[in-house]
1. Pop out the ³J(HN,Hα) list for segment B:44-50 in order, Karplus 6.51 cos²θ - 1.76 cosθ + 1.60 with θ = phi - 60°, rounded to Hz; leave Gly and Pro as x.
2. Probe 1.4 Å, all protein chains in place: accessible area of B:Asp153 in Å², nearest 10?
3. Near the amide H of B:Val100, under 5 Å away, which other amide H atoms are found, from residues 5 or more places off or on another chain, if H is placed in the peptide plane?
4. Defining the label point at 7 Å along Cα→Cβ, can you sort the distances from A:Arg48 to the same site in each other copy, shortest first, in nm?
5. Per residue, how much accessible area does segment A:25-171 have with a 1.4 Å probe, in Å²?
6. Filter the trypsin sites (Lys or Arg not before Pro) in segment A:116-165 down to the DSSP loop ones having no more than 15 other Cβ atoms within 10 Å, then list what survives.
7. Output the pairs from A:Lys37/B:Lys115; A:Lys37/B:Lys158; A:Lys37/A:Lys119 with a Cα-Cα distance over 21 Å in this structure; if there are none, say none.
8. Give me the one-decimal nm value for the distance between modelled label points at A:Asn84 and A:Arg45, 7 Å along each residue's Cα-to-Cβ direction.
2 protein chains.
Amino acid sequence: MTEPGSATVDLEIIVQGAQEGKKQELRLWLRMLSTTKLVSQEIRRRLRNEFGATLPQFDLMAQLYRERDGLRLGELSKRTMVTNGNVTGLVERLETDGLVLRVTPDGDRRVTVAKLTEKGETIFGAMAVAHEGWLRDMMADVDPAIVSELWQDIGAVKSSVSNHLSGGDFD
Amino acid sequence: MTEPGSATVDLEIIVQGAQEGKKQELRLWLRMLSTTKLVSQEIRRRLRNEFGATLPQFDLMAQLYRERDGLRLGELSKRTMVTNGNVTGLVERLETDGLVLRVTPDGDRRVTVAKLTEKGETIFGAMAVAHEGWLRDMMADVDPAIVSELWQDIGAVKSSVSNHLSGGDFD
DNA sequence: GGGCGACATTTGAAATGTCAAAGGTTTACG
DNA sequence: CGTAAACCTTTGACATTTCAAATGTCGCCC
């Protein structure tokens, strides 16, 4: 790939920097976005085919699965990065299906707490196992060391982004 | 399950592999997903505030911007990773706003070709410049070398995922 | 030249997504 | 007390999303 006899390595860097080095971030973003879409679509398809569930429902249940005492809707909204109004409908549907339960605690009647039903826990357990397997399969060709490195470096991206938001939100 | 194939590996790796190394892919995926959501939301907010546009509309126009002769809806669907039915409505709204034009070529009346209007090109030009700047800003704290490396390594992930799809789709 | 299979887009139902405004509740302060 | 501010959730209007089924065209083969 690299061309021969370049005693002027500096030149390349300068040229690259001046011409298109500026778009590295854009390029990275586009690739992150398309990759994420690809994986999402695959997971969505499998969740649908094998469990009749949707990805947002899975996400929401995942949060409840590790907080057996349940979570307030606002907290669910933050953790799933889904708007409040959206959580309302999501929980509503899951309640209809008997996977989730809504309770208003005694102390504060403004609050609604959602928690998994026993049925919900059982079903989600199965989904979680399958879900993890799908990801292992999809990333099977990637060197584990790279996987680990990516986790780190994307963390750096995430934290840079967090520090440059116009609204001022956090992880 | 899987047994350690080579006895030459470090103890660390074995330990890691036995304990929680199995979930590395899941961990990476969750981080990719949350980071992508974070960036998407920020871009969405800015597109809305500064241009009154939505992210899918921006994506679609981006494709048309570099194909001045226009693209068939099916091709748009593939490139934006948006379903056919979705493209229909998207283009419909953009046409209403006078940003996009729909034409049926003479040769084949099954086909609809969408292309940017002059107004569409002007407006998108401005959005593209801003968009690139937003990304540079958001990733400002990330070492350029890391940005480049991430682009490469995520490419490896993408291609692994592509090779392990149940449906069998490609980039 | 009629019809069948392949192709391209649209439609329709249901779910998810955003934002802004409205609805109750609680808290705090004068 | 009693009202205003703060908090939590829901609602409503719209845009986007997916899937499956319908619609419309083209190509080809007999």
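1. Here the 3J(HN,Hα) series is 4, 4, 6, 4, 5, 5, 9 Hz.
2. Its accessible surface works out to 30 Å², give or take rounding.
3. When sequence neighbours closer than 5 places are left aside, the close amide H contacts are B:Glu95, B:Thr117.
4. 2.6
5. About 52 Å² of surface per residue is accessible.
6. Sparse-neighbourhood loop trypsin sites (Lys or Arg not before Pro): none present.
7. Working: A:Lys37/B:Lys115 25 Å; A:Lys37/B:Lys158 10 Å; A:Lys37/A:Lys119 30 Å.
Those over the limit are A:Lys37/B:Lys115; A:Lys37/A:Lys119.
8. 3.8
The values are calculated or read from the model by the stated rules, or taken from the named source; none is laboratory data. The structure presented is a predicted model; accordingly, all values stated were derived computationally and were not measured. Counting neighbours? That spans all protein chains shown, and the Cβs are built from the backbone with ideal geometry, glycine included. These area figures cover heavy atoms from the full protein model, side chains too; ligands, DNA and RNA do not enter into them. Shrake-Rupley method; radii C 1.70, N 1.55, O 1.52, S 1.80 Å.
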